[in-house]
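Heads up: the structure comes next, in structure tokens.
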Amino acid sequence: MKIKSFIIASALTVALGTGAVADDLNIGVGASITSIDPHFYNASPNNNIAMQIFDRLTERTATGKLVPGLAESWEATGDSEWTFHLRDGVMWHDGEPFTSDDVIFTLSRAGDVPNSPGGFGGFMRSVEAAAAPDAETVVITTDGPAPNLPGNLANIAIVSRHAGEGATTADYNDGVAAIGTGAFKFKSFSKGDSVVLERNPDWWGHTVDWDTATYRMLTSNGGRTAALLSGDVDIIDTPPAVDIPRLESTDGLHVRSTAGLRAIYLMPNYRPLDEIIGVSGKNGAALSENPLTNVSVRKALSTAIQREAIVERIMEGTATASAQWLPETAFSYAPSQTVKEPDLEAAKALLAEGGYPDGFALTLYVPTDRYPNAPAVAQAVAQMWTRIGVDTAVESLPWATFSGKRSEFGIHLIGLGNSTFDSSSMLVNALGTRNPETGMGASNRSNYSNTDLDKITLEALQISDDNAREAKLIEAVEFAMEDQAIIPLYQQSNAWAMRNGIDYEPRIDERTVAKDIVKK
């Protein structure tokens with residue numbers, strides 16, 4: 001047995017220790033990419049790809065700093081107006097020139113893609129109109145002061161009018177409309193398997209080290225680790241926590257990590273019982289109403305959860321227990337919302353207060369291939385809830401199926417990457433009362449609605465003074481958590497494991513950006 005182990009270790013040293021890197025980059029990602037259409041679904045796996053093919057007016061660095069993109073500069077030119085000055089000489093992948101008209105087209109399309117399971121309208125909620133006084137300038141009129149607009153636009157991929165007008169999501173998926181200005185060109189997309197990109201030699205940005213970049217969807221934790229160890233891929237995201245010590249100690253490999261913005265939480269569904277699944281009385285008995293619409297019940301479920309135990313035993317220290325959806329260092333983190341020790345007796349009392357002294361039955365839905373260890377986390381939560389009288393089963397589904405059925409689930413585990421880098425992403429997109437005309441609730445799949453919370457949120461987002469805006473956003477966080485609108489669990493850490501000879505600066509937004517992976 002010892003001889004066999006030595007042979008394997010020697011082979012890995014030969015495969016991984018040479019430092020030789022080809023001009024073709026192979027990336028193993030832990031979640032499925034469901035579309036090339038950059039406006040179809042605001043989910044990190046899809047955004048990874050969109051960031052390679054398409055650029056944005058503004059961009060974020062790995063640490064979250066806002067920097068110029070297709071807009072070289074911008075300024076507020078009125079209380080309700082922003083002017084963006086576009087980069088000169090940028091070309092689309094097909095050789096057509098990029099102009100301000102493409103930005104106008106993008107703003108008309110990005111919030112209104114048919115059948116989107118969670119779109120980008122919330123980032124443009126404040127936009128009333130956009131005009132192009134010339135080919136290099138875009139003037140955006142907002143519905144009042146909108147200090148967050150430049151940051152919000154870092155989430156909107158700019159697409160071309162000439163390729164995108166009349167194009168469907170399917171046209172982007174097969175490459176017909178996937179014409180961007182980005183560092184890579186679209187080559188192929190095989191759903192559930194891979195995306196292949198080719199370097200754009202005319203990109204306006206920094207030098208890219210790779211002729212091709214292939215994103216391989218390796219949703220099995222063990223399979224992702226094995227692919228890196230065997231040399232089938234050069235880098236993997238979300239390395240399993242249990243494998244990180246092994247990967248760190250393997251010759252020819254190294255691991256990079258950072259604290260992340262993604263919150264993992266449980267989302268109750270606020271619809272009537274006849275519109276949801278997975279909620280019933282015990283042994284299938286009928287209920288008169290959806291118990292999850294009762295705030296005391298939601299607080300009971302939250303009070304029963306041992307967050308620190310989940311972080312320590314299941315996440316193995318690769319997460320931080322949380323009672324809200326932001327890390328401590330983030331703008332608009334609410335210091336008042338701290339993780340409390342679980343209290344089973346208090347949880348039972350809250351159930352009784354809500355009218356369910358004997359409990360009820362739930363199914364907790366969870367994606368199998370989206371968040372590290374999520375099915376195991378869901379099983380742990382189910383056991384904790386069962387102890388207080390809420391008989392809980394777990395149903396795990398692949399992300400491609402799960403994401404399309406979220407509005408049906410009585411309660412499910414989900415994550416939010418907080419792409420605005422403050423609390424407004426959750427407040428506007430996931431908790432805002434759904435209104436396609438205003439962009440509120442663009443990712444609200446559970447029908448949560450509280451007009452008082454909406455009012456606080458909208459007031460906050462029109463405050464130009466940073467300190468005053470942060471105070472108002474904190475007020476909104478505290479309001480949402482007092483209502484237990486969601487049940488937070490923890491903040492994910494972000495990690496990548498890679499072969500020596502390449503390096504990647506860890507991103508707090510967890511995205512794996514091929515153009516920023518470099519040869520050492």
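Worth pointing out:
- Residue that is nearest to residue 292 (Cα to Cα), among those in the range 445-474 that are polar (S, T, N, Q) and outside any loop (DSSP other than H, G, I, E, B): 451
- Filtering the range 235-254 to residues that are open to solvent by 30 Å² or more (accessible area, probe 1.4 Å) and part of a strand (DSSP E or B) leaves only 254.
- Candidate set from the range 273-294 (those that are within 28 Å of the chain's Cα centre (by Cα) and not polar (S, T, N, Q)); member that is surrounded by the most Cβ atoms within 10 Å (Cβ to Cβ): 292
- Hits in the range 406-416 - residues which are assigned to a helix (DSSP H, G or I) and either open to solvent by less than 10 Å² (accessible area, probe 1.4 Å) or without any contact (Cβ under 8 Å) to a residue 12 or more places away in the chain (or both): none
- Checked against (1) touching an Asp or Glu at 6+ places or on another chain (Cβ under 9 Å); (2) part of a helix (DSSP H, G or I); (3) within 22 Å of residue 61 (Cβ to Cβ), residue 210 passes all but condition (2).
- Residues of the range 34-55 satisfying the condition of being part of a loop (DSSP other than H, G, I, E, B) and either over 14 Å from residue 177 (Cβ atoms) or touching a Phe, Trp or Tyr at 6+ places or on another chain (Cβ under 8 Å) (or both): 34, 35, 36, 37, 38, 39, 40, 42, 43, 55
- Filter result for residue 480 (modelled with pLDDT of 95 or more, under 20 Å from residue 325 (Cα atoms), touching a Lys or Arg at 6+ places or on another chain (Cβ under 6 Å) and crowded, with 20+ Cβ neighbours inside 10 Å): no
- Complete set of residues in the range 92-103 that are under 13 Å from residue 135 (Cβ atoms) and in contact (Cβ under 8 Å) with a residue 40 or more places away in the chain: 96, 98, 101, 102, 103
- Candidate set from the range 299-335 (those that are open to solvent by less than 60 Å² (accessible area, probe 1.4 Å) and among the hydroxyl-bearing types (Ser, Thr, Tyr)); member that is farthest from the chain's Cα centre (by Cα): 303
- Residues of the range 177-195 that are surrounded by fewer than 17 Cβ atoms within 10 Å (Cβ to Cβ) and more than 21 Å from residue 211 (Cα to Cα): 191, 192.
- Test: residue 105 is closer than 29 Å to residue 91 by Cβ and buried (at least 24 other Cβ atoms within 10 Å of the Cβ): no
- Taking the range 114-153 as the range and being within 30 Å of residue 401 (Cα to Cα) and surrounded by fewer than 17 Cβ atoms within 10 Å (Cβ to Cβ) as the test, the residues that pass are 114, 115.
- Residue in the range 449-472 that is buried (at least 22 other Cβ atoms within 10 Å of the Cβ) and among the β-branched types (Val, Ile, Thr) present: yes
- The number of residues in the range 229-282 being among the aliphatic types (A, V, I, L, M), in contact with a Leu (Cβ under 7 Å, 6 or more places away or on another chain) and under 20 Å from residue 369 (Cα atoms) comes to 4.
- Cβ-Cβ under 6 Å pairs, at least 6 apart or on other chains, the range 266-279 side under 7 Å from residue 446 (Cβ atoms), far side surrounded by 18 or more Cβ atoms within 10 Å (Cβ to Cβ) and polar (S, T, N, Q): 267/446; 269/446; 270/446
- Per-region count, the range 200-234, residues surrounded by fewer than 19 Cβ atoms within 10 Å (Cβ to Cβ) and within 24 Å of residue 96 (Cα to Cα): 8
- Pair list, Cβ under 8 Å, 6 or more apart: the range 47-70 residue free of Cβ contacts under 8 Å to residues at least 12 places away in the same chain and open to solvent by 10 Å² or more (accessible area, probe 1.4 Å), other residue of a type in the set (Lys, Arg) and outside any loop (DSSP other than H, G, I, E, B): 67/60
- Output for the range 381-397, where each listed residue is within 23 Å of the chain's Cα centre (by Cα) and either modelled with pLDDT under 95 or of a type in the set (Gly, Ala, Ser) (or both): 396
- Test: residue in the range 502-518 that is assigned to a helix (DSSP H, G or I) and in contact with a helix residue (DSSP H, G or I) (Cβ under 7 Å, 6 or more places away or on another chain): yes
- Any hit, the range 423-434, residues being touching a helix residue (DSSP H, G or I) at 6+ places or on another chain (Cβ under 8 Å), touching a residue at least 24 places away in the same chain (Cβ under 8 Å) and open to solvent by 10 Å² or more (accessible area, probe 1.4 Å): no
The values are calculated or read from the model by the stated rules, or taken from the named source; none is laboratory data. Only a predicted model underlies this, so the values are computations on that prediction, with no experimental measurement involved. Please note: Cβ atoms are built from the backbone with ideal geometry, for glycine as well, and neighbour counts cover all protein chains shown. Heads up: the accessible areas ignore ligands, DNA and RNA and are worked out on the full protein's heavy atoms, side chains in. Shrake-Rupley method; radii C 1.70, N 1.55, O 1.52, S 1.80 Å.
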